[in-house]
1. Please state which one of 163, 179 is in a strand (DSSP E or B) and within 20 Å of residue 90 (Cβ to Cβ).
2. Could you check residue 16 against (1) at pLDDT 95 or above; (2) surrounded by fewer than 18 Cβ atoms within 10 Å (Cβ to Cβ); (3) over 16 Å from the mean Cα position of the chain (by Cα) and say which number it fails?
3. Here are some conditions: (1) modelled with pLDDT of 95 or more; (2) under 19 Å from residue 119 (Cβ atoms); (3) part of a strand (DSSP E or B). Residue 172 meets all but one. Which one does it not meet?
4. Taking the criterion of being over 30 Å from residue 17 (Cα atoms), touching a strand residue (DSSP E or B) at 6+ places or on another chain (Cβ under 9 Å) and at pLDDT below 90, would at least one residue in the range 73-92 satisfy it?
5. When you check residue 183 against the structure, is it surrounded by fewer than 23 Cβ atoms within 10 Å (Cβ to Cβ), in contact with a helix residue (DSSP H, G or I) (Cβ under 9 Å, 6 or more places away or on another chain), at pLDDT below 90 and under 18 Å from residue 161 (Cβ atoms), yes or no?
6. Of these, 58, 102, which one is crowded, with 16+ Cβ neighbours inside 10 Å, part of a helix (DSSP H, G or I) and within 21 Å of the chain's Cα centre (by Cα)?
7. If I filter the range 162-170 for residues that are surrounded by fewer than 20 Cβ atoms within 10 Å (Cβ to Cβ), within 16 Å of the chain's Cα centre (by Cα), touching a residue at least 24 places away in the same chain (Cβ under 8 Å) and farther than 19 Å from residue 143 by Cα, do I get at least one hit?
8. What number of residues in the range 186-200 are in contact with a helix residue (DSSP H, G or I) (Cβ under 6 Å, 6 or more places away or on another chain) and not in a loop (DSSP other than H, G, I, E, B)?
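The values are calculated or read from the model by the stated rules, or taken from the named source; none is laboratory data. Worth saying up front: this structure is predicted, and the values here are computed from it rather than measured. Quick reminder, even Gly has a Cβ in these numbers, built from the backbone with ideal geometry, and neighbours come from all protein chains shown.
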C-alpha cells in the first residue's frame, strides 16, 4: 500500500464531537468478550478530551457481541430473538463498564437507545434533541446505541455508522469521528500492493463510493461502505467527518493537537 499523507487541519476548535466505535474496537474477535485494556484506554482518552473542554457524544456498538460471550454462546446467534437477547445482556454489561470507568475519572454518563421510528417522529425527535441539550448542560456524556432489543431488520439501524451520523446531526455536532480497523479510506483493498491511501475527500461521489466497496474494513456489522454513507449524511449536514484507526485510542489526541494524524478527512459541505 502507498501513503502520501497531507497536512490536515488540527481539529482543536471542534467542541461538540461524536465518536463512534464498533465491535472490533471493543471486543476480542476470537471470543467476543470485551477487550478491557483497549476499552479502558478508550474511555480514558474520551474522559481526558472531556476534561479539555469538549462535549463528547459516544456511539458504542458491541452489545450483541459482548452479550453473546456473557451468555455462553460460541458465536453470535443468527436468529432474531437470539440476537435481541444478546443485545439485552450485552447492553447492561457495556453500560456498567462505561459508568464505572468514566466515574473513576469523575464523569457521569447517560444511555440513549435509538430506533428509526424515534428519529422520524417529529415529537420523539424533538424529545431526543431536548435530552441531548440538557445532558450537555449538565456536563453528562451521552452514550448511544441502536435499540437492538426492539429493532426490526431493514427498518432500524442495522449498523451504527449511520446511527452515528444521525446522532451528529441531531445534537448539532462540530465533528464526527469513526474508529475502525483500518486507518482510513484506500482506493482499493488496503492489503494489496500499490493501493493508495486517501487523506482528504472534498465531496463523496461515485468514485469514492466505488473505492469503499472494494476496501473491506470491519469485523463488525458495518464496513467501509457504511462509513462512507455515514460521512455523506454528516458532511451534507455541514459536519466534518473523520475515519481513523482503532489500534491505539491515543491516536485521537493527534486529531486535536497536531496536523499529522493518519486518517481520512471528509470535508463538511458548507451552504
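1. Exactly one residue qualifies, and that residue is 179.
2. Status for residue 16: all satisfied but (3).
3. Here residue 172 clears every test but (3).
4. no
5. Taking the combined requirement at face value, the residue satisfies it.
6. Values: 58 fails: part of a helix (DSSP H, G or I).
Testing whether each residue is crowded, with 16+ Cβ neighbours inside 10 Å, part of a helix (DSSP H, G or I) and within 21 Å of the chain's Cα centre (by Cα) leaves just 102.
7. No: zero hits.
8. First, pick out the residues of the range 186-200 that are in contact with a helix residue (DSSP H, G or I) (Cβ under 6 Å, 6 or more places away or on another chain): 187.
After this cut, where a residue has to be not in a loop (DSSP other than H, G, I, E, B) as well, the list is none.
Number satisfying all stated conditions: 0.
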